[in-house]
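The values are calculated or read from the model by the stated rules, or taken from the named source; none is laboratory data. This one's a predicted model, so the numbers in the text were calculated from it and none came from an experiment. Every residue, glycine among them, receives a Cβ derived from its backbone with ideal geometry; neighbour counts consider all protein chains shown. Ligands, DNA and RNA are stripped out before the accessible areas are found, and what is left, the full protein with its side chains, is counted by its heavy atoms. Shrake-Rupley method; radii C 1.70, N 1.55, O 1.52, S 1.80 Å.
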Amino acid sequence: MPKLTSVISEFQIQNRNEEIADAISSDYQGMDLVLVGVLKGAFIFMADLVRKITTPFTIDFVRVSSYGSSTASSGNIRLLLPVTENVAGKHVLIIEDIVDTGQTLNFLTDYILSLGAASVNICALIDKKERRTCDTPIRYACHHIQTGFLVGYGLDHAENYRGLSAIYHLQL
């Protein structure tokens, strides 16, 4: 039977989302901003975050796969849903649930830059460096967690636990 241990409360998540949204609103004021959410994990975080951002933006989504039903990245990143918004000359902020190895975010940054974006930055709900294998600059990191497999608030294990309102360590 899997065990869940609380790591970040719903209250902590929402307070930090507000702080990050204020920073994004200030930093991108007057710029042509495109928010690109990474499906499926970032959809809950992104939905809460965008309602707090006060500067104009457009939204798009990408979907990549590197985990499957495992708790470790396969290292083989596949683009399943490409960006459809024209990002050429625009400032792109990738919204991600968790940065673990960093490989997926490096892949996406290179991909979006290849489409002609003026800049690409990352906003992550969780920056977890336990398994980081490459340098991945995260402009906006809401929470720093050192270890453990995390679920809840969009993060899953084999498509389960996404709907939890807080973040938990999953012990299988």
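A few points about this structure:
- Residue tally, condition outside any loop (DSSP other than H, G, I, E, B) and surrounded by fewer than 20 Cβ atoms within 10 Å (Cβ to Cβ), over the stretch 118-139: 2
- Across the stretch 129-172, the number of residues qualifying as among the acidic types (Asp, Glu) and at positive phi comes to 1.
- Hits in the stretch 16-33 - residues which are outside any helix (DSSP H, G or I), in contact with a His (Cβ under 8 Å, 6 or more places away or on another chain) and open to solvent by 10 Å² or more (accessible area, probe 1.4 Å): Met31, Asp32
- Contact map, the stretch 104-117: residues that are surrounded by 14 or more Cβ atoms within 10 Å (Cβ to Cβ) paired with residues that are of a type in the set (Ser, Thr, Tyr), Cβ distance under 7 Å, separation 6+ or inter-chain. Pairs shown: Thr104/Ser66; Leu105/Thr136; Asn106/Thr136.
- Neighbours by Cβ (under 7 Å, 6+ apart or cross-chain): first from the stretch 151-170, under 14 Å from Gln12 (Cα atoms); second small (Gly, Ala, Ser) and surrounded by fewer than 17 Cβ atoms within 10 Å (Cβ to Cβ): Gly152/Ala166; Tyr153/Ser165; Tyr153/Ala166; Ala166/Ser6; Ala166/Ser9; Tyr168/Ser6
- Considering residues of the stretch 34-66 that are open to solvent by 10 Å² or more (accessible area, probe 1.4 Å) and of a type in the set (Phe, Trp, Tyr) only, the residue farthest from Tyr161 (Cα to Cα): Phe57
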